[in-house]
Amino acid sequence: MFGMLFKQKGRVQNNPKVIAKKLYACALEHTREPVFYQSCGVPDTFDGRFDLLLVHIFIIYNGLMVADGAHKDLAQFIFDETFKDMDQTLREMGIGDVGVPKHQKRMMRAFNGRMHRYQLAFDPSKIEHLIARVEDVKKTSLEDALRDNLFGTVKDEEWHETYAQKLAHFIRANIAAVQSNQAIDSLLLGEINFINDFEG
């Protein structure tokens, strides 16, 4: 699914499924930071937390894009781990066998759409050649992309532009950090330290 976004230059030395599981766990853990919900306006709902998780995975994917390794496989395994966890979460929420696949399908579309939308906003050079193959993807600022997706359920009367500005800065700061040589080495071992940098 993500082969077009990643160039295979070598091989990840460790088990990519294990690495993907560790990276997913790091992303999920960081979405629990209260600052996102108390100071940045992220809705403290299932959808809000899922969208915030996708922001963290987007950061990880941008680290993988500049690293050497089997990144197409690793990106796919992160996707697989995400929806393995979502399947369990939906069932724990009381959604039955008939409803889970419908919810999963909607969430998978959201995952794919947000990865492309954020990438187009953040660094169009890595994705413009894919736009014809992805439905309903439009080029906007990163802040506008966040408003439409992560903050899509926030009512206008409760909205503050600083919310999107803070999260956009968070994304840019973390991508810059994860693309450093030392951070890439850690990433390929399944380790990432997200930084709570929200101010320009």
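Only the coordinates and a few stated rules stand behind these numbers; no lab work does. These figures come from a predicted structure and were not determined experimentally. No Cβ is skipped: glycine too gets one built from the backbone with ideal geometry, and neighbour counts run over all protein chains shown.
Assorted remarks:
- Extension gain (nm, one decimal) between ALA110 and ARG32, 0.36 nm per residue minus Cα-Cα: 26.0 nm
- Extending 7 Å from the Cα toward the beta-carbon at both THR45 and ALA25 defines two label points whose distance is 3.1 nm.
- Overall dimensions of region 14-187, expressed as equivalent-ellipsoid semi-axes from the Cα gyration tensor (√(5λ), whole Å, largest first), are 23, 22, 17.
- Its Cα centre serving as origin, region 14-187 has a Cβ charge dipole (Lys and Arg +1, Asp and Glu -1) of approximately 400 debye.
- Taking 7 Å steps out from each Cα toward its Cβ at ASN15 and ASN193 produces label points 2.7 nm apart.
- Theoretical FRET efficiency, 1/(1+(r/R0)^6), r = Cβ-Cβ of ASP123 and ILE95, R0 41 Å, to 0.05: 0.70
- Given charges at Cβ of Lys, Arg, Asp, Glu: region 14-187 dipole, positive-most of ILE175, PHE111, PHE151: PHE111
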